[in-house]
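Each remark here refers to the structure printed beneath this line.
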Amino acid sequence: RAPRVWYAFREGEVSIPNAAAVAEIVAVLPSQTWAAFEDAVLAAALRLAPARFRTFARTARERVHGEPPTERHRRRADERRVWVEPDIDGMSWLHAYLSADSAARAMTHLDRVAASLAAAPDETRTLAHLRADVARDLLAGVLGSGQASVGVSVSVTVPVLSLLGHSDETATLDGYGPIDAETARRLAAHAPSFHRLLTHPVSGAILDVDRTSYRVPADIKRWVNVRDQTCTFAGCGRLAKNCDIDHTIAWADGGTTAASNLALLCRHHHRLKHETQWTMTQDAATGITWKSPTGAVSTADPPPF
């Protein structure tokens, strides 16, 4: 179904996870769109890390699929459910199949409550343990309203024509990827905890706003998080909410607090940039470029949307 991807896989140029992602998506695409989908993802399959590629491929699927995304979402929403899958050693998996926006808000709530518990001086559980325990207690009715996470929010980027109802172009939900326009309009209109970010209907660009202070204002921070999605070091998939916002050209060296001079870096790659011989540059034409101590050059992974 995707002959060039499979040939590259056999030649060792495409990883097993990326080839598997292509197979899963092609299996549920109309046959007349297979060639267009392969054209859209082949170059990315050769170079992106699996987590980044899967998001990229889902976005490419939305662009080539012939059926309107709103109709597909309505049909799949009828399949929402919760089920238990028994595992070994006295454990089980509890699965919930939800709409992307509901799952994102639920996970944000778990993250926030878990982080508040982790701040306790005598807490020894990891964040993963805390998320699981919080989910268990919420579903079992152990945690009351006093544990509520006020102001849970995620970001959704909506093309302006879709928001106005003149287009069905998909929107992008932070941390997930493409969602249908009807869901995006509902979130923008009725969910005040969602930040509404409008993109240019042709280029998708947001005009930069320069600042004169070192501290990154909330509006620019929000835009950089949505623009970069993850750490901008090639192959790193750490999500925006777990990253620092770094001045590419240091403030002390004349760098401005503008979106064009800011980028997301996880704590490890933030230290790598400042404490080793790795260097990073950023410009409007070529984007972000990393150079290793040995002189090897790589560009940041492209955004998925």
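For Ala23, are the conditions met, namely being under 30 Å from Asp168 (Cβ atoms) and within 20 Å of the chain's Cα centre (by Cα)?
no
Would you confirm whether any residue within the stretch 246-258 is of a type in the set (A, V, I, L, M, F, W, C), touching a residue at least 24 places away in the same chain (Cβ under 8 Å) and in contact with a Cys (Cβ under 7 Å, 6 or more places away or on another chain)?
Within the stretch 246-258 (the criterion being of a type in the set (A, V, I, L, M, F, W, C), touching a residue at least 24 places away in the same chain (Cβ under 8 Å) and in contact with a Cys (Cβ under 7 Å, 6 or more places away or on another chain)), the answer is no, since none of the residues qualifies.
Going by what's in this entry, would Ala114 be described as on the phi < 0 side of the Ramachandran plot, of a type in the set (Gly, Ala, Ser), open to solvent by less than 20 Å² (accessible area, probe 1.4 Å) and part of a helix (DSSP H, G or I)?
yes
Mind listing whichever residues of the stretch 239-273 are part of a helix (DSSP H, G or I), open to solvent by 60 Å² or more (accessible area, probe 1.4 Å) and under 16 Å from Gln229 (Cα atoms)?
Lys241, Asn242, Ser260, Arg267
Go through the stretch 251-305 and report how many residues are more than 20 Å from Arg52 (Cα to Cα) and hydroxyl-bearing (Ser, Thr, Tyr).
8
When the stretch 141-167 is examined, which residues are found to be out of contact with any Gly (no Cβ under 9 Å at 6 or more places or on another chain) and either at pLDDT 80 or above or not aliphatic (A, V, I, L, M) (or both)?
Within the stretch 141-167, Gly141, Gly144, Ser145, Gly146, Gln147, Ser149, Gly151, Ser153, Ser162, Gly165, His166, Ser167 meet the criteria.
Taking only the stretch 168-205 into account, find how many residues are in contact with a helix residue (DSSP H, G or I) (Cβ under 9 Å, 6 or more places away or on another chain), of a type in the set (A, V, I, L, M, F, W, C) and at pLDDT below 70.
Residues flagged as in contact with a helix residue (DSSP H, G or I) (Cβ under 9 Å, 6 or more places away or on another chain), of a type in the set (A, V, I, L, M, F, W, C) and at pLDDT below 70 within the stretch 168-205 amount to 4.
Of all residues in the stretch 53-65, which are open to solvent by less than 70 Å² (accessible area, probe 1.4 Å) and either under 22 Å from Cys236 (Cβ atoms) or assigned to a loop (DSSP other than H, G, I, E, B) (or both)?
Phe53, Thr55, Phe56, Ala57, Arg58, Thr59, Ala60, His65
Kindly indicate the residue of the stretch 38-52 that is surrounded by 22 or more Cβ atoms within 10 Å (Cβ to Cβ) and under 11 Å from Val14 (Cα atoms) and also nearest to the chain's Cα centre (by Cα) among those meeting that condition.
Residue satisfying both the conditions and the ranking: Leu48.
For the stretch 68-107, give me the residue count where each residue is within 17 Å of Thr170 (Cα to Cα) and open to solvent by 90 Å² or more (accessible area, probe 1.4 Å).
Summing the residues that are within 17 Å of Thr170 (Cα to Cα) and open to solvent by 90 Å² or more (accessible area, probe 1.4 Å) in the stretch 68-107 gives 4.
State all residues of the stretch 274-296 that are at pLDDT 85 or above, open to solvent by 30 Å² or more (accessible area, probe 1.4 Å) and closer than 22 Å to Lys221 by Cβ; if no residue qualifies, say none.
His274, Thr281, Gln282
Can you pull out every residue in the stretch 78-105 that is under 21 Å from the mean Cα position of the chain (by Cα) and aliphatic (A, V, I, L, M)?
Result: Ala96, Leu98, Ala100, Ala103, Ala104.
The values are calculated or read from the model by the stated rules, or taken from the named source; none is laboratory data. Only a predicted model underlies this, so the values are computations on that prediction, with no experimental measurement involved. Using ideal geometry, Cβ is built from the backbone for each residue, glycine included, and neighbour counts are taken over all protein chains shown. Just so you know, the surface numbers come from the protein's heavy atoms only, side chains and all, with ligands and any DNA or RNA stripped out. Shrake-Rupley method; radii C 1.70, N 1.55, O 1.52, S 1.80 Å.
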